[in-house]
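The values are calculated or read from the model by the stated rules, or taken from the named source; none is laboratory data. In this text, all values refer to a predicted model and were calculated from it rather than measured experimentally. Here the Cβ is made from the backbone with ideal geometry for all residues, glycine too, and neighbour counts use every protein chain on show.
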C-alpha cells in the first residue's frame, strides 16, 4: 500500500510541474507576443496620410495613400520616389505635427 500512495504523490507532483511550466510559458512568451500584436495592429489602423513611417528595412518616408492592405510611401525629397508596399512592412509610425 505504501508504494501506491508514493506513486500517486509522484504523479500529482509531476502534473503540478507541467501546469507550472505552461503557466510560465504563457506569461513569458505568449502573453507579451499577443500584446505586441495588438499594439502593432492599433498603430497600423491609426495611420493617416502625411504621417512619417519607418519601414522594416529602415527607410523613412511619408504616407501618400492608404488602402486596406497597402500603402504608398514617398521617400526622400524626390517627389517621384513613391513606392507601394504592404502595411506589414511598416515598423514605426510618427504622427505629423
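Data table
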read-out	value
Counted residues, segment 43-60 - those being farther than 11 Å from residue 94 by Cβ and either assigned to a strand (DSSP E or B) or at pLDDT 95 or above (or both)	1
Conditions (1) modelled with pLDDT under 95; (2) in a strand (DSSP E or B): number failed by residue 77	(2)
